[in-house]
Amino acid sequence: MNPSNQYCHFFDDDEFIDTGRAGFRRRVITSAEVQLCFWRITGGVSGSFIHRHDDTEQLGIIYRGGLDFRISTDKETTERVTLGEGDVYIAPRNVWHGDSNFIGDDEFGECWILDVFAPPRTDLVEEDRLQREAMAAGGDSA
């Protein structure tokens, strides 16, 4: 990224940081009203416990690979949905989603998802800041 231009962000592999969960890397870009969280997740891993957001909406776009997960107003639903490249999901406030299995693509063996949050999640802003500070100091990003 060109640090002199705060308005442009480029797809640089080294901008993705490990999240502390094996196989999960992300890049978070936040503005005043919206937040992008770009995930690169190793195919075959599972994660993302069933959860909901009380204060934000989430929209996800699958760019590579696939996502097999649960999404419903009913936390106990056992129905699963599988999304592939180009598919979109919307999780409005208070809609349960997660319990995910990630399907890697043929080229990178990864699932790429762009999550959009509105308004931005403050927890992601803080986690990202702390991980980047740790990386800059030469410490572990987890």
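What the table shows:
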| read-out | value |
| --- | --- |
| Helix-only [θ]222 nm of the chain, DSSP H runs n ≥ 4, -39500 (n - 2.57) each, per residue, nearest 500 | -3500 deg cm²/dmol |
| Loop-located chymotrypsin sites (Phe, Trp or Tyr not before Pro) in segment 100-142 whose Cβ has at most 13 other Cβ within 10 Å (DSSP) | 108 |
| Selected from 120, 100, 8, residue furthest toward positive end of dipole (the chain; charges at beta carbon) | 120 |
| Net charge, residue 75 excluded, C-beta distance under 11 Å - Lys, Arg +1, Asp, Glu -1 | -1 |
| Segment 15-90: GluC sites (Glu not before Pro) falling in loop per DSSP and having at most 15 other Cβ within 10 Å | 33, 76, 79, 85 |
| The chain - Rg over Rh from alpha carbon coordinates, Kirkwood radius | 0.96 |
| Cut-off 17 Å (backbone N to label point 7 Å along Cα→Cβ of residue 68), residues of segment 74-108 | 78-85, 98-106 |
| Kirkwood Rh and Cα Rg combined as Rg over Rh, evaluated for segment 20-72 | 0.94 |
| Rounded FRET efficiency, nearest 0.05, which uses the C-beta distance separating residue 55 from residue 9 and R0 of 25 Å | 0.55 |
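Laboratory data are not the source of any read-out in this text; all were calculated from the coordinates shown. Nothing here was measured: the structure is a model prediction, and the numbers come from that model. Backbone-built Cβ (ideal geometry, glycine too); neighbour counts: all protein chains shown.
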